[in-house]
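Since every read-out is calculated from the coordinates, none of them should be taken as a lab result. These figures come from a predicted structure and were not determined experimentally. Here the Cβ positions follow ideal geometry from the backbone for every residue, glycine too, while neighbour counts run over all protein chains shown.
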């Protein structure tokens, strides 16, 4: 029973293989140590008389016997006089088939049809499990007799087998990658979200630099929401004091830790508001050197804090110091007068 053939054209092999065949150094193949789930059969055949020459490569999946790649090339007349060695890796072998000469389409299609029906799915699965030299020779004999019956001539052939990994076929674009597992999908989603967040933060930093507003450090902040008593972000103006959460690592983490250890609430005044249409950026002053930026994408109620009432000014330390100084000076003078009186005026 013949199965479905996915590829029948030499040009379907990835461009990477072309570079390898043309003599350039092959790129490192991460699939080298991967498990070999497929088997490639490679064979060349020539008639005992005449100038016909050809070869084929068939790759099938070991667990199912399903053929994923098949190509047969037949040149008549066979011009080069040098037949390709099936011991070459399958990509090199396939790319060198056209060197045999121009494709004889009529005869090539006839032999290709013979090749499709030679092995059933079960026979290919069995061959994958035990592709010894003896098994390959037996298969070579079966293929040769089939070709001879069609072409009405005697052929000589050489056949070899090569295990092939899934990742190698994926790289050559012979098969499509398997769909990722749910765990892989979740991991990719996390990585994508992290990349998008990092890109957004970098973009906001660049926007702030372009504005030239801050020469110091700029930290990413999130507003603290207060749906009941909060002030709408659309109504905020410079000077309003808002409560924030400082996000991120590095400098952000150090600032956040400093505030927590010193029991300082993260409430800071807004010093600038920039509205780009789709987004609004609220810049807050954390210190003389550090600024924070809050990104707003929709109108939300943000927790604000009123300015604390001014406390009466504390007594000047210099005033109390003066009183203390003159008091000590006066006591010293009194003691000095008493000493003089005691020793000199008795």
Suppose the chain between residue 49 and residue 338 were pulled fully straight at 0.36 nm per residue; how much longer would it get relative to their current alpha carbon spacing? 89.5 nm
Inter-part distance where the stretch 270-293 and the stretch 100-172 are each reduced to a Cα centre, Å: 71 Å
For a Förster distance of 25 Å, can you work out the FRET efficiency between the beta-carbons of residue 145 and residue 66, rounded to the nearest 0.05? 0.50
For the stretch 118-206, count the residues as N, evaluate 2.2 N^0.38 Å, and divide the Cα radius of gyration by that value, please. 2.04
Computed FRET efficiency, Cβ-Cβ of residue 152 and residue 82, R0 22 Å: what is it to the nearest 0.05? 0.30
Hey, rough spin-label estimate for residue 225 and residue 135, points 7 angstrom out along Cα→Cβ, what's it come to in nanometres? 6.3 nm
Contact order relative to length of the stretch 197-305, as percent, for alpha carbon pairs under 8 angstrom and 6 or more apart: 36 percent
Given a Förster distance of 22 Å, the FRET efficiency implied by the Cβ-Cβ spacing of residue 288 and residue 195, rounded to the nearest 0.05, works out to 0.10
Bins of 5 Å, starting at 0 and running to the largest distance - Cα pair percent for the stretch 37-130: 3, 14, 24, 22, 19, 11, 6, 2, 0
At q = 0.13, 0.21 Å⁻¹, what log₁₀ I(q)/I(0) does a Debye calculation on the Cα points of the stretch 197-305 give, no solvent, two decimals? -0.45, -1.21
Theoretical gain in end-to-end length, residue 186 to residue 267 [0.36 nm per residue, Cα-Cα removed]: 25.5 nm
